[in-house]
Amino acid sequence: MAEFDGRVAIVTGGANGMGEQVAHTLAAEGATVIIADRDAERAHLVELEIREAGGDAHAVVVDVSEENQVKDLVDKVITRFGRIDVLDNNAAALELTAEDPDVVALDSAVFMDTMRGNVLGPFLCCKYVIPVMLSQGGGSIINMASVSGMAGETSLTAYGISKAAVIQLTRAVATQYGKQRVRCNAIAPALVMTRNTSEWMPKEFKDIYLRNSLTPYVGEPQDVANVVVFLASDKARYMTGHVIPVDGGIKAASPIVADRR
Ligand SMILES: NC(=O)c1ccc[n+]([C@@H]2O[C@H](COP(=O)([O-])OP(=O)(O)OC[C@H]3O[C@@H](n4cnc5c(N)ncnc54)[C@H](O)[C@@H]3O)[C@@H](O)[C@H]2O)c1
């Protein structure tokens with residue numbers, strides 16, 4: 001019997017990048033996976049790929065920053081499958097990072113849109129999924145933060161603030177519902193080479209991460225998916241309220257190490 005047999009997982013942003021890999025990995029471990037994404041074409045493609053590999057996946061087209069749509073998503077999942085064991089709160093409006101400079105230059109509309117996509121979305125998913133988890137006796141929520149939410153940067157102002165908020169959402173949920181067996185942890189990746197990052201990222205940017213990582217490589221989506229699946233599983237039953245870095249050790253060494261090398 002596979003570890004997630006009989007369990008139902010919602011993966012927001014499951015149509016691309018890390019969410020896509022999480023969806024594949026959870027399905028391979030036996031979960032029924034709901035690919036909750038606003039990108040209909042890719043969501044259905046990932047659903048098909050998972051089914052072809054023998055897994056159970058269902059695409060639901062949803063914008064997680066719209067309250068009615070999140071409520072509908074949860075209603076649909078409950079009507080069809082009767083439970084939600086895992087919520088991977090992974091979707092974020094990464095396209096906005098292209099217009100996210102320093103505080104003074106940052107457009108307040110971009111700031112607000114970033115908060116809608118990256119903070120309101122995960123909040124709404126928690127708000128509607130947690131009552132289901134409470135009624136069935138527990139569940140595991142994994143929020144996707146970032147190293148950008150844990151240290152200052154010269155740009156990515158709104159993105160960093162949104163990810164710091166996701167870390168605080170994680171602590172709030174863990175504190176408020178832990179006794180009722182709802183666990184909530186966050187993952188803070190550094191650079192992960194998804195299809196999208198590989199397309200738009202200038203080579204210099206990847207080189208900066210490589211120079212500052214303690215590993216000789218940056219991350220792949222599977223590196224994050226492995227940790228999501230672990231946190232979702234009963235093996236992590238004594239872990240809640242934490243932020244787990246998946247970052248090649250980028251924050252562990254002294255900031256002068258890269259220059260000294
Ligand atoms: N890639 C990185 O280097 C990196 C590093 C640190 C943290 N992260 C975080 O990891 C998560 C996944 O990143 P990725 O690089 O795999 O992203 P990606 O851009 O490859 O995929 C994001 C997915 O989320 C979906 N999405 C965005 N907003 C949505 C919304 N409102 N409703 C529904 N779906 C929505 C998109 O359609 C897309 O399918 C994000 O939270 C991101 O901030 C990424």
**Item:** Signed unit charges on C-beta, dipole axis of region 8-260, positive-most listed residue Leu94, Asn196, Ala53
**Value:** Ala53
**Request:** Quantify, in whole percent, the carbon and sulfur part of the accessible surface of the chain (1.4 Å probe; protein heavy atoms only).
**Result:** 54 percent
**Angle between the chain longest axis and helix 157-177 axis [Cα atoms, degrees, rounded to 10]** = 40 degrees
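Using a 1.4 Å probe, what is the accessible area per residue for the chain, in Å²?
Working: 12740 Å² over 261 residues.
Here the residues of the chain average 49 Å² of exposed surface.
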**Asked** Over the Cα atoms of region 142-254, what Rg and Dmax result, in angstrom?
**Response** 14.9, 47
**Fill in**
CD proxy, 222 nm, the chain: helix-only mean residue ellipticity via -39,500 (n - 2.57) per DSSP H run with n ≥ 4, per residue, nearest 500, stands at -14000 deg cm²/dmol
**Request:** In nm, give the distance between the simple-model label positions of Phe81 and Leu45, each being 7 Å from the Cα along the Cα-to-Cβ direction.
**Result:** 2.2 nm
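Tell me, what is the FRET efficiency for Lys127 and Thr215 to the nearest 0.05, using R0 = 51 angstrom and their Cβ-Cβ distance as r?
Working: r = 37 Å, r/R0 = 0.72.
Calculated value: 0.90.
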**Request:** Work out the FRET efficiency for Glu3 and Leu134 from their Cβ-Cβ distance, taking R0 = 25 Å, and round it to the nearest 0.05.
**Result:** 0.65
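Using 0.36 nm per residue of separation minus the Cα-Cα distance, give me the extension gain between Glu52 and Val104 in nm, one decimal.
Working: separation 52, 0.36 × 52 = 18.72 nm, distance 4.94 nm.
Separation in residues times 0.36 nm, less the Cα-Cα distance, equals 13.8 nm.
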**Complete:** When the chain is treated as a Gaussian network with springs between alpha carbons less than 10 Å apart, the largest mean-square fluctuation among Leu106, Leu120, Leu73 is found at Leu106
**Message:** Connecting C-alpha atoms closer than 10 Å in a GNM of the chain, tell me which of Gly82, Gly219, Gly14 has the biggest fluctuation.
**Reply:** Gly82
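Mind checking region 148-245 for trypsin sites (Lys or Arg not before Pro) that DSSP puts in a loop (not H, G, I, E or B) and that have at most 11 other Cβ atoms within 10 Å? Intermediate values should be presented prior to the final figure.
Numbers: sites: Lys163, Arg171, Lys179, Arg181, Arg183, Arg195, Lys203, Lys206, Arg211, Lys235, Arg237; in loops: Arg181, Arg237.
Those that pass, being in a loop and sparsely packed, are Arg237.
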**Complete:** Of 124-131, 17-24, 89-96, ordering from highest average Cβ density within 10 Å down gives 17-24, 89-96, 124-131
**Prompt:** Could you give the angle, 0 to 90 degrees to the nearest 10, between helix 203-212's Cα long axis and the longest principal axis of the Cα atoms of the chain?
**Reply:** 90 degrees
**Request:** Jot down the per residue volume, in cubic angstrom and as a whole number, of the convex hull over the alpha-carbon atoms of the chain.
**Result:** 131 Å³
**Message:** On C-alpha positions alone, give me the angle between the axis of helix 17-28 and the longest principal axis of the chain, in degrees, nearest 10.
**Reply:** 40 degrees
**Asked** What's the center-to-center distance, using Cα atoms, between region 166-238 and region 131-152 in Å?
**Response** 11 Å
**Asked** Can you count the Lys pairs in the chain with C-alpha separation below 19 Å, eight or more apart or on different chains?
**Response** 7
**Message:** Under a crude label model (7 Å from the Cα following the beta-carbon direction), how far is Ser254 from Asp72 in nanometres?
**Reply:** 5.7 nm
**Message:** Taking just the alpha-carbon atoms of region 11-155, what radius of gyration and Dmax come out, in angstrom?
**Reply:** 15.9, 51
**Fill in**
When the chain is treated as a Gaussian network with springs between alpha carbons less than 10 Å apart, the largest mean-square fluctuation among Gly55, Gly152, Gly138 is found at Gly152
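The values are calculated or read from the model by the stated rules, or taken from the named source; none is laboratory data. What you are looking at is a predicted structure, and each value in this text was computed from that prediction instead of being measured. All Cβ positions, glycine included, derive from the backbone under ideal geometry; neighbour counts span all protein chains shown. Ligands, DNA and RNA are stripped out before the accessible areas are found, and what is left, the full protein with its side chains, is counted by its heavy atoms. Shrake-Rupley method; radii C 1.70, N 1.55, O 1.52, S 1.80 Å.
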